[in-house]
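The values are calculated or read from the model by the stated rules, or taken from the named source; none is laboratory data. Treat the numbers as computed from the prediction; the structure is a model and nothing was measured. Using ideal geometry, Cβ is built from the backbone for each residue, glycine included, and neighbour counts are taken over all protein chains shown. Side chains are part of the model used for accessible areas, which takes the heavy atoms of the whole protein and leaves out ligands, DNA and RNA. Shrake-Rupley method; radii C 1.70, N 1.55, O 1.52, S 1.80 Å.
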Amino acid sequence: MAHSELLREIRRLAAERDALILAHNYQRDEIQELADLCGDSLGLSQEAARTEKQVIVFCGVHFMAESAALLAPEKMVLLPRADAGCPMADMITPDGVRLMRERFPGAPVVTYVNSSAAVKAESDICCTSANAVRVVNSLPEPEVILTPDRNLAMYIARHTSKRCHIWDGYCPTHERLTVEEVRQARADYPDAVFMAHPECPPEILDIADHICSTSGMYTYARNSPARRFIVGTEMGILYRLRLENPGKEFILPTTRLVCPNMKLTALEDVRAALLAMSPRITVAADIRERARYALERMLAVPRD
């Protein structure tokens, strides 16, 4: 099937099924082009809860579709590739959270949204890369447990007076970026501003001009007077950065900033999911209520 015909077929099926197609910022260019909405995992899950559409096609990875199912339990949530997982999310389990609670009694568990619903259910509150510091500083306790991303946790620890107990998980994609690669990119493009995601290792953040989430990168690139940017996150973000800033240049410091799980979903998979109305992602009721509480508690934290 030709590309244009495939797009028309998907849009026809989506209309018939009353479906909203969501795509994470790291998805393939053609998936972002197809989607009704693009964004970060939490923002898209909130859109899933707000829409009147009854079917959500989430082009992302498993924990993201779970979050949509948590916030919109009455909707049918489809994940076109059931094998699209997240290695970092897999690095923490409910048993791991309980172990940390035993080691550090009284310390609340703050869990990054890049985690399973079962892990969220064992947590006190969730956070995103954009609000992590604000969430931690909103808590009254002097100590916190941070899971699963050690790099985000170490970034938080720099911006709080609380004692941080850190789970040793990480994003393999952001972990690949090296200081040498950033320095080489800066040497090649001396006028470029280096934006880094807080999932990057501390030594990368140490040399960043600006540290922010994926959504923050879009805002920063739009508002900055700079004309060139070195981008320290997964390559999928380049699609929208270039679309929104046609007069600016965006450079990856390495070709290894690719998440293979985020690149699994193809247009054919979206079509197949809409035809079969499968694979469907659901969350058991007992887990759903506790996990949703952790998410809603995060959303209730006042903004600065």
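So the values come out like this:
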{"read-out": "Rule-of-thumb Rg ratio for the range 115-220 [Cα; 2.2 N^0.38 Å; N residues]", "value": "1.15"}
{"read-out": "Cα-centre dipole for the chain with unit charges at Cβ (Lys and Arg positive, Asp and Glu negative), debye to 20", "value": "360 debye"}
{"read-out": "Of L42, S215, A300, farthest towards positive along the dipole that unit charges on Lys, Arg, Asp, Glu beta carbons give the chain", "value": "A300"}
{"read-out": "Value of Rg to Rh for the range 246-295 (Rh from inverse mean 1/r over Cα pairs, i.e. Kirkwood)", "value": "1.20"}
{"read-out": "Paramagnetic label zone (point 7 Å from Cα along Cα-to-C-beta, N223; backbone N under 18 Å) in the range 30-59", "value": "40"}
{"read-out": "Spin-label zone in the range 2-21 - amide nitrogen under 19 Å from a point set 7 Å from the Cα of R50 along the C-beta vector", "value": "19-21"}
{"read-out": "The range 127-180: translational diffusion in µm²/s, Stokes-Einstein, Kirkwood Rh over Cα pairs, 10 °C, 1.306 mPa s", "value": "136 µm²/s"}
{"read-out": "Within the range 1-70: Cβ-based charge dipole about Cα centre, in debye rounded to nearest 20 (Lys, Arg +1; Asp, Glu -1)", "value": "120 debye"}
{"read-out": "Nonlocal amide H pairs with C127, under 5 Å, H built at 1.01 Å", "value": "T111, Y112, V113"}
{"read-out": "Base-10 log of normalised Debye intensity for the range 1-130 (one unit scatterer per alpha-carbon) at q = 0.13, 0.14, 0.23 Å⁻¹", "value": "-0.58, -0.65, -1.36"}
{"read-out": "Karplus 3J(HN,Hα) series, Hz, for the range 120-130 with 6.51 cos²θ - 1.76 cosθ + 1.60 (x for Gly, Pro)", "value": "4, 5, 8, 9, 8, 7, 9, 8, 10, 5, 7"}
{"read-out": "Most fluctuating residue given options I251, I145, I92, as computed from a GNM of the chain linking Cα atoms under 10 Å", "value": "I251"}
{"read-out": "5 angstrom amide H check on L20, placed H, neighbours 5+ away", "value": "V55, I56, V57"}
{"read-out": "Computed E for E5/L37 - FRET, C-beta separation, R0 22 angstrom, nearest 0.05", "value": "0.40"}
{"read-out": "With every protein chain in place, the range 46-136: carbon and sulfur % of accessible area (1.4 Å)", "value": "49 percent"}
{"read-out": "FRET efficiency estimate (nearest 0.05) - Cβ-Cβ, M154 to T178, R0 22 angstrom", "value": "0.80"}
{"read-out": "Gain on full stretching of the segment that runs from E249 to E74 - 0.36 nm per residue minus C-alpha separation", "value": "58.8 nm"}
{"read-out": "Under-5 Å amide H pairs with I211, H placed in peptide plane, nonlocal only", "value": "A196"}
{"read-out": "Surface accessible to a 1.4 Å probe, per residue, for the residues of the chain, Å²", "value": "42 Å²"}
{"read-out": "Mean residue ellipticity (222 nm) of the chain, computed from DSSP H runs ≥ 4 via -39,500 (n - 2.57), nearest 500", "value": "-12000 deg cm²/dmol"}
{"read-out": "Given (i) 55, 53, 31; (ii) 54, 47, 40; (iii) 68, 42, 39, the label whose value is Cα extents along the principal axes in Å derived from this model", "value": "(i)"}
